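Some notes on the structure that comes next.
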Amino acid sequence: MKIMVNGAWRELGAVRLAEALVELGYGERVIGTAVNGEFVAVAARATTPLADGDRLEVLAPVQGG
Amino acid sequence: MLELYQTALRSRLLLGTARYPSPAVLSAAVRAAGAEVVTVALRREAAGERAGQGFWSLIRELGVRVLPNTAGCHSVKEAVTTAHMAREVFGTPWLKLEVIGEDDTLQPDVFGLVEAARILCAEGFQVFPYTTEDLVVAERLLAAGCRVLMPWGAPIGSGRGLNNRFALRALRAHFPAVPLIIDAGLGVPSHAAEALELGFDAVLINTAVAQARDPVAMAGAFARAVEAGWQARAAGPMEARELAAPSTPVIGTAFRG
């Protein structure tokens, strides 16, 4: 199914967020996630389903003012 | 001591971490500033990139508190979602809340700001709202649950100093017990000293240090200016007057009478 990851369409086999993050290669790193504009906590990733057309945001720490 | 949400701090200089020439210069600048609080942010990162983890390790090694921001958010929803991610990633309830209303000036959308502040304070966030010098907005932010306010000096990155001294003085006078931090728009250490002399509790500096020819030296200069401004405020500055008043005694002046 197609998921929009950080603004770009990706074809993914995973149907849950935690699996999708592994498939995308994020592994164990420190990131924040949101699906369709709603925050998804680390603890909820394993049970959060993904559906065709969902928008996933994966954010990491950066410099800020 | 400066107290922000029950956290006592010695330094009254908060530092942004963006736009430095290198991570090494950023680290050296934070140390030279003596900063105990630095601002950080969240941005999209592709799986192949590792910059975020490196940056986060660098900040943790500095042993400072982090103040995550919601920079770039233009709506209440974006700011609230970003806040939730920041609380989890950075492990702190502190949040520099920014809801931007206009791109040329990066002026806060104060209506969205108050709404987002109400939501986030109710959820246990300790909100540092980036706001204008408007008194009524400040009242609303306090009513929403904010216990610290961060009025702008001038637009972000403009280096113009305190653009509206009259309103900033009024803000200070109206809220004598609320920690007020001048955030944004300061360009040189004398601007920071002036903010402290006017009675503001602290300043948050980023571009003025990061974009200086020598950011580490400039960080040190800002630290000394903030300290000087604070000590001057505590020492009780004289009143300005319209006419000269001789400082040398007049009685006993030679050649008179």
Simple SL model, points at 7 angstrom along Cα→Cβ for B:Thr92 and B:Arg224; separation in nm is 2.8 nm
Note to self, chain A gives a 222 nm [θ] from helices alone (DSSP H runs n ≥ 4, -39500 (n - 2.57) apiece, / all residues, nearest 500) of -3500 deg cm²/dmol
Expressed as a percent, the accessible surface of the protein assembly as shown that is carbon or sulfur, using a 1.4 Å probe and the full set of protein chains, is 54 percent
Within the protein assembly as shown, the percent of DSSP beta bridges that are antiparallel, given to the nearest 5, stands at 50 percent
Per residue, accessible area of region B:121-220 with a 1.4 Å probe, heavy atoms of protein chains only, in Å², comes to 37 Å²
Exposed-loop cut sites defined as GluC sites (Glu not before Pro) in DSSP loop states with at most 11 other Cβ within 10 angstrom; longest site-free run of chain B spans B:1-238
Scoring only Lys, Arg, Asp and Glu (+1, +1, -1, -1) among other residues with Cβ under 15 Å from the Cβ of B:Val80 yields -4
Expressed in nanometres to one decimal, the distance between label points 7 Å along Cα→Cβ at A:Asn36 and B:Leu135 is 4.7 nm
iface A-B | buried accessible area, total | probe 1.4 Å | Å², round 100 | 2400 Å²
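Leaving ligands, DNA and RNA out of it, rank B:His74, B:His174, B:His84 by accessible area with a 1.4 Å probe, largest first.
Details: B:His74 85, B:His174 110, B:His84 35 Å².
Output order, biggest surface exposure first: B:His174, B:His74, B:His84.
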Among residues of region B:38-54, a drop of 50 Å² or more in 1.4 Å probe accessible area, assembly relative to the chain on its own, occurs for B:Arg43, B:Arg44, B:Glu45, B:Ala47, B:Gln53
Test assert for region A:33-65: residues whose accessible surface shrinks by at least 40 Å² between chain alone and all chains, 1.4 Å probe, equal A:Phe39, A:Leu59, A:Ala60, A:Pro61, A:Val62, A:Gln63, A:Gly64, A:Gly65
Most packed first (mean Cβ within 10 Å per residue), the peptides A:18-29, B:21-32 order as B:21-32, A:18-29
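In chain B, which helices (entire DSSP H runs) extend 27 Å or more along their own long axis, judged by Cα positions, while averaging at least -0.5 on the Kyte-Doolittle scale?
Taking the DSSP H segments of chain B (at least 27 Å long, mean hydropathy at least -0.5), we get B:215-235.
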To the nearest Å², the heavy-atom accessible area per residue of chain A with 1.4 Å probe amounts to 47 Å²
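The values are calculated or read from the model by the stated rules, or taken from the named source; none is laboratory data. Please read these numbers as outputs of a predicted model, since none were measured by experiment. All Cβ positions, glycine included, derive from the backbone under ideal geometry; neighbour counts span all protein chains shown. Each accessible area value is taken on the protein alone, full model and side chains, heavy atoms only, with ligands, DNA and RNA left out. Shrake-Rupley method; radii C 1.70, N 1.55, O 1.52, S 1.80 Å.
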